[in-house]
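Read through the structure below, which is laid out as structure tokens, and then see the notes.
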């Protein structure tokens, strides 16, 4: 109720949804910077040769990269939420569809962040493992990151 | 990335229809996200594109970000389209809003 009375004048004002437009614009730019920043950070650790032996020492940086990706999760969901009242007067279906697609997209990025974080315990296990087990752990690590790096792309 | 493409196509088709942003921008977004969607499907099928399919859509996101901060949504389209929607469905919408509000 309060929302509706607050957005109605905004909708019919000379500049409709001016604040919403600004926030969405900032989210596009911030999402790009944060997403690429996280990508660079994660790639710098997981992209190197024999990265498994260095993960334990760099776990904080890798976790920071995952946190950056997780903040793009919030940003992507916010796109759908913020655009909902803008799109709804034109097409409620499009507004709901956009919100839903953005939430699914955010969920996928969250799963990718989880795959990154799982590399930390794998790296610790790699250091603790006997020489006979290292190849299994390398294969496990490669399988989990392949979806993100080798043939597939960043978020 | 597939869902990013789908979401972008929904948004840009709405931008095109409502002219909330200039139509040229909407068309650029439609093309960019169509390329992103197609490239992402190709990647699922095993083609390695090195993320080049994300470039047109990524540039659009940078441009639309600056545009929305500087210009916001266009007004000319918003006002006429609003009455036409409510006038085509005058009986259905008001009771729904009224009954949902309390």
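Is it true that some residue in the range A:47-56 is modelled with pLDDT under 95 and within 13 Å of chain B (Cβ to nearest Cβ)? Scanning the range A:47-56 turns up no residue that is modelled with pLDDT under 95 and within 13 Å of chain B (Cβ to nearest Cβ).
State yes or no: is residue B:10 surrounded by 18 or more Cβ atoms within 10 Å (Cβ to Cβ), facing chain A (nearest Cβ under 8 Å) and farther than 21 Å from residue A:111 by Cα? Walk me through it before giving the result.
On the way: surrounded by 18 or more Cβ atoms within 10 Å (Cβ to Cβ): yes; facing chain A (nearest Cβ under 8 Å): yes; farther than 21 Å from residue A:111 by Cα: yes.
It is true that residue B:10 is surrounded by 18 or more Cβ atoms within 10 Å (Cβ to Cβ), facing chain A (nearest Cβ under 8 Å) and farther than 21 Å from residue A:111 by Cα.
Annotation: residue A:19 fulfils all but one of (1) surrounded by 14 or more Cβ atoms within 10 Å (Cβ to Cβ); (2) over 26 Å from residue A:140 (Cα atoms); (3) more than 17 Å from the chain's Cα centre (by Cα); (4) more than 8 Å from chain B (Cβ to nearest Cβ); the unmet one is (1). Exactly one of these conditions fails for residue A:129: (1) under 18 Å from the mean Cα position of the chain (by Cα); (2) without any contact (Cβ under 8 Å) to a residue 60 or more places away in the chain. Give me its number. It fails just one condition, (1). Within the range B:17-34, the set of residues being more than 23 Å from residue A:72 (Cα to Cα) and either buried (at least 24 other Cβ atoms within 10 Å of the Cβ) or within 11 Å of chain A (Cβ to nearest Cβ) (or both) comprises B:17, B:18, B:19, B:20, B:21.
For the range A:78-92, the set of residues classified as more than 9 Å from every other protein chain (Cβ to nearest Cβ), within 14 Å of residue B:11 (Cβ to Cβ) and free of Cβ contacts under 8 Å to residues at least 40 places away in the same chain consists of A:81, A:84, A:88, listed by residue number.
Here residue A:42 meets each of (1) in contact with a helix residue (DSSP H, G or I) (Cβ under 9 Å, 6 or more places away or on another chain); (2) under 30 Å from residue B:72 (Cα atoms); (3) modelled with pLDDT of 90 or more with one exception, condition (2). Exactly one residue out of A:32, A:60 is farther than 21 Å from residue B:1 by Cα and in a helix (DSSP H, G or I), and it is A:60.
Annotation note: of A:121, A:89, the sole residue that is surrounded by fewer than 20 Cβ atoms within 10 Å (Cβ to Cβ) and either within 14 Å of the chain's Cα centre (by Cα) or not in a helix (DSSP H, G or I) (or both) is A:89.
The values are calculated or read from the model by the stated rules, or taken from the named source; none is laboratory data. Everything quoted here is computed from the prediction, not taken from an experiment. Neighbour counts are summed over all protein chains in view; Cβ atoms, including those assigned to glycine, are modelled from backbone coordinates with ideal geometry.
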